[in-house]
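Visitor: Below you'll find the structure I mean.
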C-alpha cells in the first residue's frame with residue numbers, strides 16, 4: 001500500500017529585506033493512513049510553516065507533495081478545493097481561529113455552504129448535532145458564540161469543524177498548548193479516539209516532547225527548517241542520536257523527583273534562519289561540534305534501520 | 001531559624017462587577033522564610049496571579065477588593081499601606097517577574113536605563129553609579145554589559161526575561177515573586193533561565209514565590225509546593241510530600257493528566273469537567289463536581305485543611321491514603 005501523504009524535498013523560502021529566510025529547507029517524509037507523525041521543535045524552526053505548506057495555505061518554493069499518489073504541490077486554488085476537504089487543520093489558538101460573529105452551529109455548518117455535496121440541506125442540522133456529539137460538546141452550546149466558551153470547548157469546535165468534511169488527514173498545529181493540563185488530556189484522548197474510529201492520519205505539530213511522545217507513531221525533530229532526526233517514537237526516546245534532540249530531551253522539566261536527567265544546557269539561542277551559512281545549523285550551540293561541522297552540512301542518513309539523523313558525529317560522541 | 005519574610009493570613013479577594021462577585025481567592029494562608037522556595041501550582045483561573053498581585057499591592061481597585069486577611073511583609077501589613085508607602089516597598093523589598101517579557105519592558109528606553117531606574121528610585125546613588133550597578137546586574141544574568149545601550153526589541157525572548165530578572169533583583173529584594181517566568185520561552189531557553197534563577201536565589205538567599213502551572217518547573221527549583229484550586233490551597237507540603245505522596249484527588253488528577261516521558265501510558269486519565277465558575281462556587285468542597293471520590297458529605301460541607309503528616313496539609317474529606 002502506498003503512503004497517504006508523501007512529501008519530498010519540500011522547501012519554503014520567504015524573501016525578506018535582509019535576505020532569504022529558509023523556513024522549511026528540504027524536508028521529506030511519508031505518512032500512512034491512520035498514523036500520526038509528530039513534528040517537534042522550538043519556536044522558529046519551521047514546524048508550523050511545514051504544516052501550512054502541506055495544506056497549501058502557503059505555496060511551496062520547491063519540492064513535491066503527493067496526496068494519495070497525486071501531486072498537489074502545484075495545483076491552483078480552484079483545483080485544490082477538491083483536496084481541501086480531505087486535508088484539514090486544527091489551529092493552535094482556539095481564541096483566534098474562530099469567527100467571533102458566528103455561533104457554534106454556524107461555524108460548523110459553514111462547511112456545507114462551501115461543499116454542498118457533503119450534506120443535503122435538510123440534514124445539516126442533524127449532522128451538526130452529530131458532530132458536536134462526536135467531539136463532546138453539549139447541544140445547549142449550539143447557539144453560543146465563541147467568546148462565551150472556555151479554551152477547551154473552543155478547541156472542540158475547531159475539531160468539529162475539521163471533522164465536518166470527513167477528512168483523511170488533519171494537521172494539528174499545537175492543538176493543546178493553549179490549554180490547561182487537565183483539559184489538554186481530554187483533548188488528546190479525543191484526538192486518539194477519533195483516529196481509532198475514523199482512521200484519520202495526523203501530523204501533530206508541537207514543542208512539547210512529552211505530548212508528542214504520547215500521541216505519535218513516528219517523530220521528526222526539526223531545527224531551523226531542517227529535520228535533524230526522524231524515527232519511530234520508541235526508538236527516538238530509547239536511542240537518541242542527535243545532540244540537539246538529546247539537549248531538548250534533557251531540558252524538559254520532569255514532574256518527578258526521581259530519575260532526574262542530567263541537564264545538557266545549550267549555549268546561546270537559535271541562529272537566524274535568514275541566509276544560513278553552510279555547515280550544520282546546530283554547530284554553534286553543539287558541544288560536539290568540530291571544524292567539519294562548520295564547513296559541511298551533514299545529510300540526513302540512516303544511522304540504524306529506520307532511524308535517520310543529520311549529524312557528522314553519530315556513533316563517536318562520548319569520546320569527545 | 002531563618003526569619004519569616006512573608007506571611008499571608010486568611011486572604012480573601014473578590015472582584016466585584018455589576019453582574020456578579022468573582023470569588024478569586026478564598027481564605028489562603030501561607031508563609032515564606034528567607035531562602036525558601038515555594039511553588040504555587042494551579043490551572044488558569046485558580047487565583048494564582050491574584051495572590052501575587054495582592055502581595056505586590058497591585059490589585060486593580062475597583063473591581064478587586066481584599067475582603068479580609070492580612071499580608072505581612074517583614075511584619076508590616078501591606079494591605080493597610082498607602083500607595084506612596086507601597087511604592088517604597090515594590091522593587092525594593094519585594095519584586096516581581098512577569099510572565100511575558102515582551103510586554104513587561106518599556107520599548108522606548110534602553111535596558112540599561114530601565115535597570116538603573118529601579119536602583120535610583122530606591123537607593124541614594126548618583127546617575128552614574130546607578131548605571132554602573134545596572135551593568136553589573138546585566139553581567140550577573142549573563143548578558144555582556146556592552147548591550148546595556150540596546151533596546152528591548154534587539155533582544156530575544158530569553159534575553160528579555162534575563163533583563164526582567166536583572167531589574168527584579170537590582171535592589172536585592174527579600175522576596176521575589178515569579179509569575180510563570182518561563183511559560184513564554186522555549187524549553188532549551190527555559191532550562192537556561194531556571195538555572196539562572198536557581199543560582200541567584202541560592203546566592204542571595206532571596207525568598208522565592210514561583211507561580212506556575214508546570215509541575216516540572218516546581219520539581220526543578222522549589223522546596224515547597226502549594227496546589228491551588230478555585231482560590232483555595234487544597235494541598236501544601238514539601239515537594240517530596242506533593243510529588244511522592246500526593247493526597248488530594250485534584251493533585252493526583254493533575255499528575256495523571258500529564259503525558260510522561262518515562263512511562264508508556266496508552267491513555268491519559270484527565271480530570272472530568274471544568275473548574276467551577278468562581279462567581280458561583282458550590283457550597284461544599286469546590287472540587288466535588290469533578291472528583292471521583294466525592295460523596296454526599298463533600299457537597300454539603302467544605303473540608304478543612306488538615307495536617308496529614310508533619311508539614312503536609314490536605315483539604316479533603318476523602319484524601320488519598322498511602323496505598324503501598
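Visitor: How many residues are more than 8 Å from chain A (Cβ to nearest Cβ), farther than 9 Å from residue B:36 by Cα and in contact (Cβ under 8 Å) with a residue 24 or more places away in the chain when one looks only at the stretch B:203-218?
Guide: Count: 4.
Visitor: While we're looking at this one, here's another question. Which of the residues spanning the stretch B:312-323 are touching a residue at least 24 places away in the same chain (Cβ under 8 Å) and exposed (fewer than 12 other Cβ atoms within 10 Å of the Cβ)? Walk me through it before giving the result.
Guide: First, the residues of the stretch B:312-323 that are touching a residue at least 24 places away in the same chain (Cβ under 8 Å): B:312-322.
Hits for the stretch B:312-323 are B:321, B:322.
Visitor: Select from the stretch B:242-255 the residues that are touching a residue at least 12 places away in the same chain (Cβ under 8 Å) and within 8 Å of chain A (Cβ to nearest Cβ) and write down the one among them that is surrounded by the fewest Cβ atoms within 10 Å (Cβ to Cβ).
Guide: Looking at the filtered set, the residue picked out is B:255.
Visitor: I'd like the residue in the stretch B:256-265 that is under 25 Å from the mean Cα position of the chain (by Cα) and part of a loop (DSSP other than H, G, I, E, B) and, out of all such residues, is nearest to the other protein chains (Cβ to nearest Cβ).
Guide: It comes out as B:259.
Quick grid of which residues meet (1) crowded, with 19+ Cβ neighbours inside 10 Å; (2) in contact (Cβ under 8 Å) with a residue 12 or more places away in the chain; (3) under 20 Å from residue B:28 (Cβ atoms):
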position: B:69; (1), (2), (3): no, yes, yes
position: B:74; (1), (2), (3): no, yes, yes
position: B:80; (1), (2), (3): no, no, yes
position: B:84; (1), (2), (3): no, no, no
position: B:91; (1), (2), (3): yes, yes, no
position: B:94; (1), (2), (3): yes, yes, yes
position: B:102; (1), (2), (3): no, yes, no
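Visitor: Also, quick follow-up: Of the residues that sit in the stretch B:179-202 and are within 14 Å of another protein chain (Cβ to nearest Cβ) and in contact with a strand residue (DSSP E or B) (Cβ under 6 Å, 6 or more places away or on another chain), which one is farthest from residue A:180 (Cα to Cα)?
Guide: B:181
Visitor: Follow-up. From the list B:281, B:268, B:308, which residue is buried (at least 16 other Cβ atoms within 10 Å of the Cβ) and within 12 Å of another protein chain (Cβ to nearest Cβ)?
Guide: Selected residue: B:268, the only one of B:281, B:268, B:308 that is buried (at least 16 other Cβ atoms within 10 Å of the Cβ) and within 12 Å of another protein chain (Cβ to nearest Cβ).
Visitor: Is there a residue being away from chain B (no Cβ under 12 Å), in a loop (DSSP other than H, G, I, E, B) and surrounded by fewer than 21 Cβ atoms within 10 Å (Cβ to Cβ) anywhere in the stretch A:258-276?
Guide: yes
Visitor: Give the residues of the stretch A:225-240 that are within 14 Å of chain B (Cβ to nearest Cβ), assigned to a strand (DSSP E or B) and either closer than 14 Å to residue A:209 by Cα or under 15 Å from the mean Cα position of the chain (by Cα) (or both), sorted by residue number. Full working, then the answer.
Guide: Step one: of the stretch A:225-240, the residues within 14 Å of chain B (Cβ to nearest Cβ) are A:228, A:232-238, A:240.
Okay, now just the ones that are also assigned to a strand (DSSP E or B), so A:228, A:232.
Of everything in the stretch A:225-240, just one residue is within 14 Å of chain B (Cβ to nearest Cβ), assigned to a strand (DSSP E or B) and either closer than 14 Å to residue A:209 by Cα or under 15 Å from the mean Cα position of the chain (by Cα) (or both), namely A:232.
Visitor: Further, regarding this structure: Checking the conditions here, which among A:131, A:137 is modelled with pLDDT under 90, buried (at least 19 other Cβ atoms within 10 Å of the Cβ) and farther than 18 Å from residue A:171 by Cβ?
Guide: Answer to the check: A:137.
Visitor: May I pose another question? Of all residues in the stretch A:166-223, how many are within 14 Å of chain B (Cβ to nearest Cβ) and on the phi > 0 side of the Ramachandran plot? I'd like the intermediate steps shown before the answer.
Guide: We begin by selecting, within the stretch A:166-223, every residue within 14 Å of chain B (Cβ to nearest Cβ); these are A:174-196, A:204, A:206-217, A:219, A:221-223.
Retained after the next criterion (residues that are on the phi > 0 side of the Ramachandran plot): A:174.
Going through the stretch A:166-223 one residue at a time, the tally reaches 1.
Visitor: Let me ask another. If we keep just the residues of the stretch B:219-241 that are part of a helix (DSSP H, G or I) and under 17 Å from the mean Cα position of the chain (by Cα), which is farthest from the other protein chains (Cβ to nearest Cβ)?
Guide: B:221
Visitor: Now for a different question. Would you say residue B:288 is assigned to a loop (DSSP other than H, G, I, E, B), over 30 Å from residue A:265 (Cα atoms), touching a helix residue (DSSP H, G or I) at 6+ places or on another chain (Cβ under 6 Å) and more than 10 Å from chain A (Cβ to nearest Cβ)?
Guide: yes
The values are calculated or read from the model by the stated rules, or taken from the named source; none is laboratory data. Only a predicted model underlies this, so the values are computations on that prediction, with no experimental measurement involved. Heads up, the Cβs are rebuilt from the backbone with ideal geometry, glycines too, and the neighbour counts pull from every protein chain shown.
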